[in-house]
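Inspection log for the structure reproduced underneath, given as structure tokens.
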Amino acid sequence: MRIAFFHELPLGGARRSMQEYAKELKKSHQIDLFLVDDREETLENKFYSNIFFYKFVPKDWQGKNWKTRLYKDTIELLRLYRLHRKIAQDIENKGYDFVLVSASKYIEAPFIMRFLKIPFLFFCHDPSYRIIYDPIFSISKKLDLLRYNYEKLNRFTRKVIDRENLKKVNLCVLPSNYIANIFTKIYKKKCAVVYYGVDVFTFKPLDIRKDIDIFYIGSYHPVDGYDLLKNALSLMKIKPKIRKVMIEDEWISDDRQLNKLYNRSKIVVCLAKKEGLGAIPLEAMASGAAVVAVDEAGYKETIINGRTGYLISRDPGKLAEKLDWLLLHEEERLKLSKNARENVIKNWQWKKRAKELEGVILTCLNKTYA
């Protein structure tokens, strides 16, 4: 088959997942990428048969200039609409059998789905235009009346755009049951679940010293749970050595470097609120670190509590207690590490996940032409 991937994803787990799906599917099919971004990346060349790049540079808005904000919510969206229409035509002209459309960093459900005439599916990595739907991102009551009402109108408008863009979709694919349930509730659309995977040949145990007690990857934003870790650390009896990678300060794009950090770590904590699935616990478990995550959302689908990691309530006291205990019990950490690695190899490799995605694509095609 000739399959076109379309995405305008930011750097991170969702974009990496598309690369891995493409790498596996490319062994049997032609997989071309139609990429919208502000700059061209050469790192993705090895994953796709061909890459067609479309430059789109959004205006930077830091929360002060109202003219820039108004431009982004009107003219910029119109520019994106026209670009997606052009890309859809380019895909049609090149004669692909199928299109896999990913969610966007600019708007949840991309405009391109309005214009595609060949079979396609929508891969929604997270209903991650979460600012519209999730109470975590509720509108601040500190805003004046004008800005408050503008924000309400803008979010309502984007909801309408989302629903319009999704009207023609043949099938929606989500990477976890947790996300699928939210998506179905919001959009009332039929969907299938295809989990992410992990590269067990890159993320693997290494014979190096574990000199980091607790490793955290995320941001300072409350949604990533860093405050929970800070509060837990203040309650711990042990004063652990901490390594954190914060997106505001640094970002590690080299998987081998990341694997070394996982291997140096005794415990990796995963504390994000309502995490759709999360690559971090899978990578950490594949690398041989003990994982402690909050007992909610997608983490419950990747971690077997007490066997491959620990799930705890969102309570700093409980977290501190579990971290202290694990740091004092090396044999338990080794047992978790062994079990987690075995489970990842058996159930979470990208080869298995890509095969599942291929099956969904074929089923979608068969139903379209039945």
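The values are calculated or read from the model by the stated rules, or taken from the named source; none is laboratory data. Owing to the predicted nature of the structure, the values given are computational and were not obtained by experimental measurement. Neighbour counts run over all protein chains shown; Cβ positions are idealised from the backbone, glycine included.
Values as computed for the structure displayed
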| quantity | calculated |
| --- | --- |
| Flag for I267 being in the same structural domain as K338 (by TED's automatic domain parsing) and more than 16 Å from G12 (Cα to Cα) | yes |
| Subset of the range 200-226 (residues that are of a type outside the set (A, V, I, L, M, F, W, C) and in contact with a strand residue (DSSP E or B) (Cβ under 8 Å, 6 or more places away or on another chain)) | K210, D213, Y216, G218, S219, Y220, D224, G225, Y226 |
| M18, sole failed condition from (1) touching a Lys or Arg at 6+ places or on another chain (Cβ under 9 Å); (2) of a type outside the set (D, E, K, R); (3) in a helix (DSSP H, G or I); (4) closer than 20 Å to F98 by Cβ | (1) |
| Single match in K46, K67 (criterion: of a type in the set (D, E, K, R) and either surrounded by 14 or more Cβ atoms within 10 Å (Cβ to Cβ) or under 22 Å from the mean Cα position of the chain (by Cα) (or both)) | K46 |
| Set V198, V269: member being within 30 Å of L43 (Cα to Cα), modelled with pLDDT of 95 or more, in contact with a Phe, Trp or Tyr (Cβ under 6 Å, 6 or more places away or on another chain) and crowded, with 19+ Cβ neighbours inside 10 Å | V269 |
| Among (1) in contact with an Asp or Glu (Cβ under 7 Å, 6 or more places away or on another chain); (2) over 23 Å from K351 (Cβ atoms); (3) modelled with pLDDT under 90 - the single one M236 does not satisfy | (3) |
| The range 176-197 - residue that is over 15 Å from E108 (Cβ atoms) and touching a residue at least 40 places away in the same chain (Cβ under 8 Å) and, of those, nearest to the chain's Cα centre (by Cα) | Y196 |
| Where a residue in the range 214-239 is closer than 22 Å to K274 by Cβ and its partner, wherever it lies, is in a helix (DSSP H, G or I) and among the β-branched types (V, I, T), with Cβ under 6 Å and at least six apart | I217/I280; V223/I136 |
| Residue match in the range 305-312 (condition: free of Cβ contacts under 8 Å to residues at least 24 places away in the same chain, at positive phi and surrounded by fewer than 18 Cβ atoms within 10 Å (Cβ to Cβ)) | yes |
| So D295, is it surrounded by fewer than 21 Cβ atoms within 10 Å (Cβ to Cβ) and under 22 Å from E321 (Cα atoms) | yes |
| Lone qualifier among R341, R353 - being among the basic types (K, R), touching an Asp or Glu at 6+ places or on another chain (Cβ under 9 Å) and on the phi < 0 side of the Ramachandran plot | R353 |
| So K322, is it of a type outside the set (A, V, I, L, M, F, W, C), within 21 Å of the chain's Cα centre (by Cα) and assigned by TED's automatic domain parsing to the domain that holds L282 | no |
| Among the candidates K346, K335, K355, residue that is in a helix (DSSP H, G or I), over 27 Å from the mean Cα position of the chain (by Cα) and either modelled with pLDDT of 95 or more or surrounded by fewer than 17 Cβ atoms within 10 Å (Cβ to Cβ) (or both) | K335 |
| In the range 45-78, the residues that are touching a helix residue (DSSP H, G or I) at 6+ places or on another chain (Cβ under 6 Å) and either more than 30 Å from E151 (Cβ to Cβ) or among the aliphatic types (A, V, I, L, M) (or both) | F47, Y48 |
| Failed criterion for V245 (all others in (1) within 19 Å of the chain's Cα centre (by Cα); (2) assigned by TED's automatic domain parsing to the domain that holds A286; (3) surrounded by 19 or more Cβ atoms within 10 Å (Cβ to Cβ) hold) | (3) |
| Pair list, Cβ < 7 Å and 6+ apart or interchain, from the range 198-209 residues that are outside the structural domain of N343 (by TED's automatic domain parsing) and farther than 26 Å from A354 by Cβ to residues that are loosely packed, with under 13 Cβ neighbours inside 10 Å and of a type in the set (D, E, K, R) | none |
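Quick grid of which residues meet (1) surrounded by 16 or more Cβ atoms within 10 Å (Cβ to Cβ); (2) of a type in the set (K, R):
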{"site": "V57", "(1), (2)": "no, no"}
{"site": "L80", "(1), (2)": "yes, no"}
{"site": "K86", "(1), (2)": "no, yes"}
{"site": "D90", "(1), (2)": "no, no"}
{"site": "D97", "(1), (2)": "no, no"}
{"site": "S104", "(1), (2)": "yes, no"}
